[in-house]
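Comments concern the structure below.
Bear in mind these aren't lab numbers, they're just calculated from the coordinates by the rules spelled out. What you see is a predicted model, and the numbers here were worked out from it, not measured in a lab. FYI the Cβ positions are ideal-geometry reconstructions off the backbone, even for glycines, and counts take in every protein chain you see.
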Amino acid sequence: MDVMPKWAEVVLVPLISLLLAGIISALVVLAIGEDPVAAAKLMVTGALGSTYGWGYTLYYATNFMFTGLAVAIAFHARLFNIGGEGQAMLGGLGVALACLYIPWPHWSLALVGAAVMAGLFGAVWAAIPAWLQAKRGSHIVITTIMFNFIAAALLNYTLVNMLRPKGSMDPATARFPEATNLPTLHDLLSPLGIEFSKAAPANVSLLLAIAACIGLWVLIWRTRLGYEIRAYGHSESAAKYAGISPFKITMIAMIISGALAGLMATNNVMGEAERLVLNSTEGAGFIGIAVALMGRSHPLGVFIAAILFGFLYQGGAELALWTSIPRELIVVIQALVILFTGALDNMVRMPLEKLFLALRRARTSKAAGAAD
């Protein structure tokens, strides 16, 4: 029997962790002579106080949903995919090839084609470390980290020597054709009479990310394959005894994970930049690890955690712009959230478990005394 009720596991632990991160962050801001209350207000106003702020918050959140889901599905199979960054880079390459070399008549068809290419490139890039672990015993953490560097080098070479327009000094592709440009939230909401900022980069790929959350929930908890993935993640030996193939689960979980990471490119490459540039991922693959940890590898939790980190990114940009708080300190604040919600999770969990265990014993003793 679990020591803590499910609601405490899902809601209370992350909430307390987040509160502790906020308190430590406030002390850090206070230590450099800034007002933590004013800083918090500025973050909230900058990220959530206007449709412009919401547009950027949701844009970042879309990236983090894809990479968080990628890490989450691997976690369920007890695999630690740290290669989301490289898989998203290769997904961007797939998007660029689909948009530049296929004459799409409409953005909707272009989105489908680019999503397929992005998922395929990301899946192939994840399948190689998966095969190395399943067949050769190479640790997935080491191989996926190394594949991030290989992906960066490959993308650099491809942009500089193959995809860069003639005469251009910028290591980037040409602009994608207008028919492939995705509608922003302004374009989607205007016909409904809802005002939204034209300058905000949030676009229709947000709906694709939400669909991915729903699809992954169905896969993990409503299909036989999802059951096999979870069973393998809980106990490899028991899964083997039940006839579940470790090779199959490792390959499938990592291929799905890589495809989800690759799909991020539909947002940052196709939806926002409308061309492929170096470092287009901006660390979103690594943030996905924190999003999956905070969301407890549940698609709904990933969705909420992604919005939180989108808020931190946009709110942090506003702090750096309008206060004397250096950008590096904004990264420290974000790191504190990751630290408390991920690495120091047991620091909150263990006292809560003791508390709930003591409450359960007290109720049991009281019930026994009443019976006597």
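Compared with the dominant principal axis of the Cα atoms in the chain, helix 51-76 is inclined by about 70°. For the range 146-214, what log10 I(q)/I(0) values come out of the Debye formula at q = 0.18, 0.20, 0.27 1/Å, with one point per alpha carbon and no solvent? Per q value, in the given order, log10 I(q)/I(0) is -0.90, -0.93, -1.06.
Cross-link pairs exceeding 20 Å between alpha carbons, from the set Lys6/Lys366; Lys6/Lys354; Lys135/Lys248: Lys6/Lys366. Using 1/(1 + (r/R0)^6) with R0 = 51 angstrom and r between the beta carbons of Ile142 and Arg360, what's the FRET efficiency to the nearest 0.05? Working from the Cβ atoms, E equals 0.75. How far is helix 13-31 tilted off the main Cα axis of the chain, in degrees rounded to 10, range 0 to 90? Approximately 70 degrees, to the nearest 10. In order along the range 161-169, the phi-based Karplus estimate (6.51 cos²θ - 1.76 cosθ + 1.60, θ = phi - 60°) of 3J(HN,Hα) comes to 9, 10, 9, 6, x, 4, x, 8, 9 Hz; Gly and Pro are listed as x. Legend: Rg and Dmax of the range 217-302, from Cα coordinates, 15.9, 50 Å.
Based on alpha carbons, the Rg and Dmax found for the range 8-82 are 16.3, 46 Å. With Cα atoms defining each centre, the range 155-203 and the range 275-298 are spaced 20 Å apart in the structure. Along the range 192-197 the Karplus relation, 6.51 cos²θ - 1.76 cosθ + 1.60 evaluated at θ = phi - 60°, assigns HN-Hα couplings of 8, x, 9, 6, 8, 4 Hz to successive residues, with x for each Gly and Pro.
How far is it, in nm, from the label point at Leu344 to the one at Ala174 when both lie 7 Å from their Cα along the line to the Cβ? Using points 7 Å along Cα→Cβ, the separation is 5.3 nm.
Taking 0.36 nm per residue of separation and subtracting the Cα-Cα distance, full extension of the segment from Ala367 to Leu321 would add 10.6 nm. Its relative contact order, with pairs defined as Cα atoms under 8 Å and 6+ residues apart, puts the chain at 34 percent.
Subtracting the Cα-Cα distance of Ser50 and Lys248 from 0.36 nm times their residue separation leaves 66.6 nm of extension gain. Less than 5 angstrom separates the built amide H of Ala172 from none of the residues sequence-distant by 5 or more or on a different chain. For the range 230-372, the Cα gyration tensor yields ellipsoid semi-axes of 38, 28, 12 Å (square root of five times each eigenvalue, largest first, whole Å).
Working from label points 7 Å from Cα in the Cα-to-Cβ sense, the Leu100 to Ile24 distance is 4.3 nm.
Here the spin labels are modelled as points 7 Å beyond Cα on the Cα-Cβ line, and at Tyr157 and Val277 they lie 2.5 nm apart. Entry note: the range 311-364 has Rg to Rh equal to 1.33, where both radii use alpha-carbon atoms and Rh is the Kirkwood radius.
Once the Cα atoms are used to define both axes, helix 84-101 deviates from the longest principal axis of the chain by about 30 degrees.
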